[in-house]
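Okay, so here's the structure we're looking at.
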Amino acid sequence: MTEDGKRKFVAKRFNEHVKLLATLFNALSIATFGAAFVVPLAQGQYGVLSGGHWILIFAALALHLAGHAALRFMRSED
């Protein structure tokens with residue numbers, strides 16, 4: 001394998017790991033956002049913003065933004 005081919009392979013492998021990390025953050029974000037609505041309903045509360053569950057919405061937003069930030073670490077495969 002040439003040096004250029006090896007560099008492309010390493011970049012491609014690294015990018016796949018970065019995409020998996022971003023997917024993890026987004027999956028956690030979706031789960032947290034869902035919990036922000038499911039937990040109050042399971043407790044018989046019908047106001048999402050009551051009882052401090054709004055913090056889960058902000059945590060979901062932060063996880064989603066972390067997923068976007070992770071994608072900035074992708075390397076060029078050219």
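Could you tell me whether PHE14 is aromatic (Phe, Trp, Tyr) and open to solvent by less than 100 Å² (accessible area, probe 1.4 Å)? It is true that PHE14 is aromatic (Phe, Trp, Tyr) and open to solvent by less than 100 Å² (accessible area, probe 1.4 Å).
If you go through region 23-47 and keep only what is assigned to a helix (DSSP H, G or I) and farther than 29 Å from LEU71 by Cβ, you end up with VAL39, PRO40, LEU41, ALA42. For region 26-47, a tally of residues being surrounded by 12 or more Cβ atoms within 10 Å (Cβ to Cβ) and either without any contact (Cβ under 8 Å) to a residue 24 or more places away in the chain or not hydroxyl-bearing (Ser, Thr, Tyr) (or both) returns 14. Applying the condition of being out of contact with any Phe, Trp or Tyr (no Cβ under 7 Å at 6 or more places or on another chain) and part of a loop (DSSP other than H, G, I, E, B) to region 48-78 and asking which residue is most open to solvent (accessible area, probe 1.4 Å) yields ARG72.
Have a look at LYS19, LYS6 and point out the one that is open to solvent by 80 Å² or more (accessible area, probe 1.4 Å), out of contact with any strand residue (DSSP E or B) (no Cβ under 8 Å at 6 or more places or on another chain), under 13 Å from LEU71 (Cα atoms) and part of a helix (DSSP H, G or I).
LYS19
The values are calculated or read from the model by the stated rules, or taken from the named source; none is laboratory data. If you're wondering where the values come from, they're calculated on a predicted model, not measured in any experiment. Don't worry about glycine lacking a Cβ; one is built from the backbone with ideal geometry, like all the others, and counts go over all protein chains shown. Ligands, DNA and RNA are stripped out before the accessible areas are found, and what is left, the full protein with its side chains, is counted by its heavy atoms. Shrake-Rupley method; radii C 1.70, N 1.55, O 1.52, S 1.80 Å.
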